[in-house]
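Encoded as structure tokens, the structure appears first; notes follow it.
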Amino acid sequence: MMTITRRALMGSALAMPAIIHGTAHAQPSAIKLALLAPLSGPFARQGELMRLGAELGVEDVNRNGGIKALGGAKLDLAIADAGANVEQVTAATQRLAADRDLIAGMGAWASSFTLAATEVTERAKLPWVTLSWADSITERGFHYVIATSPPSSKIIPAALEPLLALAGKSVGKKPGTIACINDDTAVNQANMEPLRNGGFAKLGLKTVMDENFSVPLSDAAPLIQRLRRARPDLVLLGTTATSDSRLLLQTLTEFGLGQGKVPVIAPSANWGTPEMLKNMGTTYLEGVIGVAGNWSSKQQAALNQDLLQRSKEPWLIQDTLSLYGHVQLIADALERAGKADRDALMAALLATDTTEGPAKLFLGDRLRFEKNGRRANPVPAVFQWKGGKPLTVLPEADAEAELSWPQPG
Amino acid sequence: MAFAGHIEALLQILTAGLLLGCLYGLMCAGLGLIFGIMRVINFAQGEFMMLAMYAGLTGVAVLAPGRSWAFATAMLVACAVAALFYGLGALTHWALVSRVSGARAVGTADAGHTGQLILTLGLSLVLQNGGLMLFGSSPVSIPNDAAVRSWTMEFAEGDVMLFVNQARAFSALMAVAAVLLTILLMARTGIGRQLRAVANNPIAALYMGVNVDRAFRTAFGIGLALTAVAGVCVATFYPFQAYTGFDFVIIMYAGVVLGGMGSVGGAFLGGLLIGLVQQLSTLVLPPQLQNTAVFIVFLAVLLIRPQGLFGRGVERA
């Protein structure tokens, strides 16, 4: 029979910290990333799509052995609700920034939200990766921001140029007039600023109507009536909320201008969501062209299929794809940084220059960043509704279908 | 040509304002009835409307899976949802609102207003977040063809064209019918007389044998039923989600105050006026100032008639 003596007990107690310490070394501590997304309020659906992308990204990094340079450390996602307005965003970011274990953050969807969030994260020296478009996000001299989408000033002109050329070939005449209806959110106003200041003229377009409205739109009839009188060759609809997108498209159809009679170009990912299809139906969406910061690529068909199966979404849009890419980008930078340190990570993020790994998760060949954190030579994603699905049509290397200029059918 | 354009814009905007205003009016009538009779400001009215929208969507999905009959079905479902929400209103009053209003609030320092405020605001938050958990965050609407169809009228040899959206037009007719029925109910029936008596003086009504608590319950039920009809109508042309109620609730308060606290017809006209001002303002102001125009008119009216356009000063309607 074994006797437990006082000496043996004392010895075990003394040895315990060493045993625990050894175990802690064997299992490197998790690396904490933050996701700030609107999970309540009118933009909750977009936040859900972002969360989906970030969770899938973290799951894949951890499944593949975590961060190898850090002994296989796993990623841990801290999710915060950005709510419905800038005040809620600021409060949520302040709570996140107080957590010294956080290594980096991602979010916060709307440009106005990201502008507010990065004011806080910059002070906390917390690297922040975003899909938001507004130029001002990377033009404030901040040192801890990375933006993977093309900036507002470039996204629409870069998309319009090939579209107008195609229109010229398809209908024999390049469109000469454009009508613009935008909501007054930061991103849509930022999109329009360079176009109003000579951008449209450079593209050979004359603006015959330029109206802004506040979200939510109560009735689109007065706006569409003006559009009908203005007789533009194409219309640019800049909306943030699905309800506004639907009202505008519904009223265009009602006024006999839908289904390609006046081609619709919508610089917003919400035009490609499954909700648009559920609310509008295939017929009314056919031919509508959308512009976004990221979309699915035929080059990543296998990955897309895997993500689709796991996400249970009918297709994936910018919000999910970019967040999946952001996690992979941070993981790649952590491998290069070799330590879980905010400054080292930020330096590694800025030094990213690759055509492999995370570069495959964004459209275009090469992934690198300018000094201000904005992606260098970004490529906008152009998608078009075809047979009830928003398929990537530009850039050609990533296109899942051929772009066709909408014509009344 | 330019003149024709102005006339067309005026006609189109006037039509849009009238159609939308009727629905705003119906929402305001529901809120106004509750306030007029019970003196309770229901901050959860918008969220009850949101619940009615989901109830309408479910009803239409079950009864008419296709788009072609969806709108007609939605109008019938709106009546069923109204009955359901009358019951829900009565239940909510019995379980919650009665604890901070009516006889239980008599003798409290602020006649129960603080309790009512906290209760209805709390209810609004619970319904918003509960709705998000239950129905998800995707915006949905009742898919139907009437929302994208309009009657077209031509004037001046086709120079001026007017488009009247079918879903909005039928919804506006439904709203007018619902308000007229409520006004008739209030003016011509026994329960209407009881409700008016309770609105005028609940203590005197009690002495006259009126069951004040039951009258309050009825008022709360009718108020929710009216807003539920408006919700189902709006859901036929407007995508909604758990937070949609908030988009309309400010309009509801403004309409009730503008029309005159305590008057169902006044609240309806207040809502109608808001719809008209909101749309007509786009003739002279940029569209993003629509709601600013509404509140300028709101303040101007209150400056001239603090009791609202159809209110009766300190007297209860």
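The values are calculated or read from the model by the stated rules, or taken from the named source; none is laboratory data. The structure presented is a predicted model; accordingly, all values stated were derived computationally and were not measured. Here the Cβ positions follow ideal geometry from the backbone for every residue, glycine too, while neighbour counts run over all protein chains shown.
What to note about this one:
- Total residues in segment A:289-317, condition among the β-branched types (Val, Ile, Thr) and within 14 Å of another protein chain (Cβ to nearest Cβ): 1
- Residue count for segment B:161-172, restricted to those that are surrounded by fewer than 24 Cβ atoms within 10 Å (Cβ to Cβ) and at the interface with chain A (Cβ under 10 Å from one of its Cβ atoms): 5
- Failed item, numbered, when B:GLN128 is tested on (1) in a helix (DSSP H, G or I); (2) within 13 Å of chain A (Cβ to nearest Cβ); (3) surrounded by fewer than 18 Cβ atoms within 10 Å (Cβ to Cβ): (3)
- A:ASN377 falls short on exactly one of the conditions (1) assigned to a helix (DSSP H, G or I); (2) of a type in the set (S, T, N, Q); (3) at pLDDT below 95, and that condition is (1).
- Flag for B:GLY59 being part of a helix (DSSP H, G or I) and buried (at least 18 other Cβ atoms within 10 Å of the Cβ): yes
Residues are listed down the side, and each one gets a yes or a no for (1) under 21 Å from B:ASN291 (Cβ atoms); (2) crowded, with 21+ Cβ neighbours inside 10 Å:
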residue: B:GLU8; (1), (2): no, yes
residue: B:ILE13; (1), (2): yes, yes
residue: B:ALA16; (1), (2): yes, yes
residue: B:ARG39; (1), (2): no, no
residue: B:GLN45; (1), (2): yes, yes
residue: B:ALA55; (1), (2): no, yes
residue: B:LEU63; (1), (2): no, no
residue: B:ALA74; (1), (2): no, yes
residue: B:LEU88; (1), (2): no, no
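- Selected residue (only one of B:GLY255, B:GLY266, B:GLY308, B:GLY262 is away from chain A (no Cβ under 14 Å) and within 20 Å of B:THR120 (Cβ to Cβ)): B:GLY262
- Checking B:VAL77, B:VAL81, B:VAL100, B:VAL126 one by one, the residue that is over 25 Å from B:LEU23 (Cα atoms), at pLDDT 95 or above and of a type in the set (Val, Ile, Thr) is B:VAL126 and no other.
- Test: B:VAL234 is over 21 Å from B:LEU303 (Cα atoms) and either within 11 Å of the chain's Cα centre (by Cα) or of a type in the set (Gly, Ala, Ser) (or both): yes
- Taking the conditions (1) at pLDDT below 95; (2) within 14 Å of chain B (Cβ to nearest Cβ); (3) more than 22 Å from B:PHE237 (Cα to Cα) in turn, A:THR320 satisfies each one other than (1).
- Residue pairs meeting the criteria (Cβ under 6 Å; at least 6 apart or on separate chains; first within 21 Å of A:ALA230 (Cα to Cα), in segment A:177-188; second in a loop (DSSP other than H, G, I, E, B)): A:THR177/A:PRO232; A:THR177/A:ASP233; A:ILE178/A:LEU205; A:ILE178/A:PRO232; A:ALA179/A:PRO232; A:ASP183/A:VAL215; A:ASP183/A:THR239; A:ASP183/A:THR240
- Considering only residues in segment A:246-261 that are touching an Asp or Glu at 6+ places or on another chain (Cβ under 9 Å) and surrounded by 24 or more Cβ atoms within 10 Å (Cβ to Cβ), the one that is nearest to the other protein chains (Cβ to nearest Cβ) turns out to be A:ARG246.
- Selected residue (only one of B:PHE246, B:PHE216, B:PHE237 is within 14 Å of chain A (Cβ to nearest Cβ), crowded, with 22+ Cβ neighbours inside 10 Å and touching a residue at least 60 places away in the same chain (Cβ under 8 Å)): B:PHE237
- Conditions (1) more than 19 Å from the chain's Cα centre (by Cα); (2) surrounded by 20 or more Cβ atoms within 10 Å (Cβ to Cβ); (3) of a type in the set (A, V, I, L, M, F, W, C); (4) more than 12 Å from every other protein chain (Cβ to nearest Cβ): number failed by B:ALA175: (1)
- When A:GLY65, A:GLY72 are checked against the criterion of being more than 16 Å from A:VAL327 (Cβ to Cβ) and not charged (D, E, K, R), a single residue qualifies: A:GLY72.
- Residue identified as surrounded by 20 or more Cβ atoms within 10 Å (Cβ to Cβ) and more than 14 Å from chain A (Cβ to nearest Cβ) among B:VAL100, B:VAL148: B:VAL100
- Test set (1) within 12 Å of chain A (Cβ to nearest Cβ); (2) surrounded by fewer than 16 Cβ atoms within 10 Å (Cβ to Cβ); (3) within 20 Å of the chain's Cα centre (by Cα) - B:LEU117 fails condition number: (1)
- Hits in segment A:54-85 - residues which are buried (at least 18 other Cβ atoms within 10 Å of the Cβ), β-branched (Val, Ile, Thr) and either under 23 Å from A:SER40 (Cβ atoms) or without any contact (Cβ under 8 Å) to a residue 12 or more places away in the chain (or both): A:VAL58
- Single residue of B:PHE35, B:PHE43, B:PHE3 found to be within 20 Å of B:LEU273 (Cβ to Cβ), more than 11 Å from chain A (Cβ to nearest Cβ) and modelled with pLDDT under 95: B:PHE35
- Number of the exception - B:PRO286 against (1) touching a residue at least 12 places away in the same chain (Cβ under 8 Å); (2) surrounded by fewer than 24 Cβ atoms within 10 Å (Cβ to Cβ): (1)
- The residue pairs whose first member lies in segment B:116-143 and is free of Cβ contacts under 8 Å to residues at least 60 places away in the same chain and β-branched (Val, Ile, Thr), whose second member is assigned to a helix (DSSP H, G or I) and surrounded by fewer than 21 Cβ atoms within 10 Å (Cβ to Cβ), and whose beta carbons are closer than 9 Å, counting only pairs six or more residues apart or on different chains, are B:ILE118/B:VAL100.
- Checking each residue in segment A:189-226 for being within 14 Å of chain B (Cβ to nearest Cβ), touching a Phe, Trp or Tyr at 6+ places or on another chain (Cβ under 8 Å) and free of Cβ contacts under 8 Å to residues at least 40 places away in the same chain picks out A:ALA221, A:ILE224, A:GLN225.
- Selection status of A:ILE156, β-branched (Val, Ile, Thr) and under 18 Å from A:GLY260 (Cα atoms): no
- Among the criteria (1) in contact with a Gly (Cβ under 6 Å, 6 or more places away or on another chain); (2) away from chain B (no Cβ under 14 Å); (3) of a type in the set (A, V, I, L, M, F, W, C), the one A:LEU39 does not fulfil is (2).
- Flag: A:ALA80 matches the condition of being within 30 Å of A:ARG310 (Cβ to Cβ), modelled with pLDDT of 95 or more and more than 14 Å from chain B (Cβ to nearest Cβ).
- The combined condition, being within 11 Å of chain B (Cβ to nearest Cβ), closer than 16 Å to B:TYR238 by Cα and surrounded by fewer than 24 Cβ atoms within 10 Å (Cβ to Cβ), is fulfilled by A:GLY281.
- Failed item in (1) surrounded by 19 or more Cβ atoms within 10 Å (Cβ to Cβ); (2) under 26 Å from A:LEU237 (Cα atoms); (3) out of contact with any Asp or Glu (no Cβ under 6 Å at 6 or more places or on another chain); (4) in contact (Cβ under 8 Å) with a residue 24 or more places away in the chain, with A:THR114 passing the rest: (4)
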